[in-house]
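Take a look at the structure below.
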Amino acid sequence: DVKVTQSSRYLVKRTGEKVFLECVQDMDHENMFWYRQDPGLGLRLIYFSYDVKMKEKGDIPEGYSVSREKKERFSLILESASTNQTSMYLCASSLAGENIQYFGAGTRLSVL
Amino acid sequence: AQSVTQLDSQVPVFEEAPVELRCNYSSSVSVYLFWYVQYPNQGLQLLLKYLSGSTLVKGINGFEAEFNKSQTSFHLRKPSVHISDTAEYFCAVKLDSWGKLQFGAGTQVVVTP
């Protein structure tokens, strides 16, 4: 079974802090994704990576950056957290050319 | 641009009753469609997918969906729901060759005894 692991289920941070959300997948998938989930808005793509050190902006990249130094790990970085970044963050991965994305359990981030 | 509209934000249903969740899409290219389910406090998992072929697609847990090209719809159905089907359901369309997805806003299904 594919496993996508997000390092934290719940995180509480203060405004202005630098925040790292980590995601690791164990199936050698080329593609990795970071989404933000908000009620009534569904999932919105923040960033996408199709290979090590390769990244593409999604629909809502402002205020976020990403890092992919190893194939299995994709990090989402909030350089200076703000209250409007309080949300559920979901990581996913997929095989290149495949259509199915596999999701982690999510990290619920609160920025106070 | 491709988009997905889920017409119902919440669907209450009694146990053992049927349920239908509506999804409409807009797409100018070949359509690949998906339904994902999110149980409470969990990530999303794939229920079923339509890539080509038969327009009636069967998925896990007794769910099925019908692709209707003329109506640009991909509605999800289950003939008899269980309490354990209480979850949020997301319809999605594939955006590009990288496999990026556009998700709908989600439909919360609440099953009561």
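The values are calculated or read from the model by the stated rules, or taken from the named source; none is laboratory data. In this text, all values refer to a predicted model and were calculated from it rather than measured experimentally. The accessibility values were calculated without ligands, DNA or RNA, using every heavy atom of the protein model including side chains. Shrake-Rupley method; radii C 1.70, N 1.55, O 1.52, S 1.80 Å.
For the pair B:Lys69 and B:Thr55 in one chain, pulling the backbone fully straight at 0.36 nm per residue adds 4.1 nm over the alpha carbon distance. Only Cα pairs under 8 Å and 6+ residues apart enter the sum, and on that basis the relative contact order of chain B stands at 36 percent. May I ask you to give the percent of accessible area on the protein assembly as shown that is carbon plus sulfur, with a probe radius of 1.4 Å? Heavy-atom surface of the protein assembly as shown belonging to carbon and sulfur, 1.4 Å probe: 50 percent. Surface calculation, 1.4 Å probe, protein heavy atoms: B:Cys91 sits at approximately 0 Å² accessible.
The lysines whose alpha-carbon is closer than 21 Å to the alpha-carbon of A:Lys3, local same-chain residues fewer than 8 away aside, are A:Lys70, A:Lys71, B:Lys49, B:Lys100.
Bridges between two residues of chain A, per DSSP, are antiparallel at a rate of about 90%. Taking 0.36 nm per residue of separation and subtracting the Cα-Cα distance, full extension of the segment from A:Ile77 to A:Leu95 would add 4.1 nm.
The order of B:Trp98, B:Trp35 by accessible area, most exposed first and with a 1.4 Å probe, is B:Trp98, B:Trp35. Rounded to the nearest 100, the interface formed by chains A and B buries 1700 square angstrom of accessible surface, both chains summed, with a 1.4 Å probe.
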